[in-house]
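Chemist: Sharing a structure, written as structure tokens. Questions coming.
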Amino acid sequence: MGTSISTLHKNNNKIPLTETDDTCHLETSKEDENSASRSDVREYVGTRKLDKKVKCTLSLDNDEADRQTMQHFIYRHLWEGNFSAPVNEILTDGARILDVGCGSGTFLLDMATEFPNSHFIGIDVSSNFPKEIKPANLDFFQSDILEGLPFRDGLFDFVYIRFMEFDIKKDDWPKIFLEVARVLKPGGYIEIMEKNYTLINEPPSSTIIRERFYKFMKEKYRVEHDLGNTIDQMKKSLNFTDIQHEARELPVGSWGGNLGKGVETTYHWHIMSLRKLLFSQDISDEEFKKEVDNCMADLDKYKPREISYRYWAKKVQNN
Ligand SMILES: C[S@@+](CC[C@H](N)C(=O)[O-])C[C@H]1O[C@@H](n2cnc3c(N)ncnc32)[C@H](O)[C@@H]1O
């Protein structure tokens, strides 16, 4: 590996753009530098807060970070590992890894500990990631991939993207794949993980909340969950080859034992996290609570299952 990104970041907030000495200045979050500006960018709603500057569907707080953390370990268990691309060997030897839309950063915190010889970077348009307490081989930056990644060409061996379908407009995926291909080394890997929000055996009470959410996202942000389109865009980009995928199922509800109970908890938190969005569509607190309670009670009755997917591909050697 080349220059230590971690050291550079701590000293200067600079990331090497080339293997030599070119650097790129990265703005840290203004909010980090001046906590007094918080009230300007965050909107407090009850105990949950939403970021007004960034288009983010989820609340940005400890509850959401906890949900993402628990969800991470459920999927790691289900998939018997954190990734499916054949990168174990290079990560063990020492590689550079980028997580786009890293959220609370749990995937990277876990990976950085497992692979101490590798260097991990997480970027997210919001700054819900750890600022101080993190392994030395891990850095986070607030950055919007749609404005271009602040890294030089061919810097990374592996780029990971998980659960961003509801954050990216269909038309923006080609731009993302172009940018990911740019920062990947030839022969490097991209991996995308997603899930179906429509459950198998979905209870009608869940359908009501999910459809309300889909409608809101489409009308407000023009985003729709369409993994088929995303993967088509990845294929069309021509930068990737050997595209492979796998799907696995999770039980949702205590009918599925401890795993199902864990999924039920994250499902419940997820719905609560969307409360502000759903509430803003004129659902009263009481109605919302009733719908959520019905939803949870129906899980053991209908025994729904959730499918998650991993797609991974190699960047072409020459293009
Ligand atoms: C549903 S969360 C997933 C977080 C994490 N990948 C995980 O698996 O837990 C989606 C994340 O993408 C981030 N995001 C949305 N649009 C983005 C963009 N244009 N550039 C960078 N991050 C973005 C959001 O702020 C959010 O943290």
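The values are calculated or read from the model by the stated rules, or taken from the named source; none is laboratory data. Keep in mind that what you see is a predicted model, and the values were worked out from it rather than measured. Every residue, glycine among them, receives a Cβ derived from its backbone with ideal geometry; neighbour counts consider all protein chains shown.
Chemist: Report yes if some residue within the range 158-166 is more than 9 Å from the ligand (Cβ to nearest atom) and either of a type outside the set (A, V, I, L, M) or at pLDDT 95 or above (or both); otherwise report no.
Modeler: Within the range 158-166, the first condition is being more than 9 Å from the ligand (Cβ to nearest atom), and the residues that meet it are 158-159.
Still in the running and either of a type outside the set (A, V, I, L, M) or at pLDDT 95 or above (or both): 158-159.
Within the range 158-166, one or more residues are more than 9 Å from the ligand (Cβ to nearest atom) and either of a type outside the set (A, V, I, L, M) or at pLDDT 95 or above (or both).
Chemist: Separate question: Determine whether D153 is over 15 Å from the mean Cα position of the chain (by Cα) and surrounded by fewer than 23 Cβ atoms within 10 Å (Cβ to Cβ).
Modeler: Considered against the rule, which asks whether it is over 15 Å from the mean Cα position of the chain (by Cα) and surrounded by fewer than 23 Cβ atoms within 10 Å (Cβ to Cβ), D153 comes out as yes.
Chemist: If a residue has to be more than 29 Å from F83 (Cα to Cα) and aromatic (F, W, Y) to count, how many in the range 183-225 make the cut?
Modeler: Of the residues in the range 183-225, 2 are more than 29 Å from F83 (Cα to Cα) and aromatic (F, W, Y).
Chemist: Out of the range 98-150, which residues are within 17 Å of the chain's Cα centre (by Cα), aromatic (F, W, Y) and more than 7 Å from the ligand (Cβ to nearest atom)?
Modeler: Within the range 98-150, F120, F129, F140, F141 meet the criteria.
Chemist: Checking W269 against (1) modelled with pLDDT of 90 or more; (2) under 17 Å from the mean Cα position of the chain (by Cα), which single condition isn't satisfied?
Modeler: Among (1) modelled with pLDDT of 90 or more; (2) under 17 Å from the mean Cα position of the chain (by Cα), W269 violates only (1).
Chemist: Where the second residue is near the ligand (Cβ under 7 Å from one of its atoms) and the first is among the aliphatic types (A, V, I, L, M) and lies in the range 101-116, which pairs have Cβ atoms under 7 Å and are six or more apart or on separate chains?
Modeler: These pairs meet every condition: L108/D99; L108/C102.
Chemist: Let me ask something additional. Given the conditions (1) within 11 Å of the ligand (Cβ to nearest atom); (2) within 26 Å of H245 (Cβ to Cβ); (3) among the charged types (D, E, K, R); (4) surrounded by fewer than 16 Cβ atoms within 10 Å (Cβ to Cβ), and given that D171 satisfies all but one, which numbered condition is not satisfied?
Modeler: (1)
Chemist: A further question on this structure: I'd like to check something: does the range 87-98 contain any residue that is touching a helix residue (DSSP H, G or I) at 6+ places or on another chain (Cβ under 8 Å), surrounded by fewer than 23 Cβ atoms within 10 Å (Cβ to Cβ) and of a type in the set (S, T, Y)?
Modeler: no
Here is a yes/no grid of residues against (1) touching a strand residue (DSSP E or B) at 6+ places or on another chain (Cβ under 7 Å); (2) crowded, with 19+ Cβ neighbours inside 10 Å; (3) closer than 17 Å to R162 by Cα:
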{"position": "E224", "(1), (2), (3)": "no, no, yes"}
{"position": "G228", "(1), (2), (3)": "no, no, yes"}
{"position": "K236", "(1), (2), (3)": "no, no, no"}
{"position": "V252", "(1), (2), (3)": "yes, yes, no"}
{"position": "G257", "(1), (2), (3)": "no, no, no"}
{"position": "K261", "(1), (2), (3)": "no, no, no"}
{"position": "E264", "(1), (2), (3)": "no, yes, no"}
{"position": "S273", "(1), (2), (3)": "no, yes, no"}
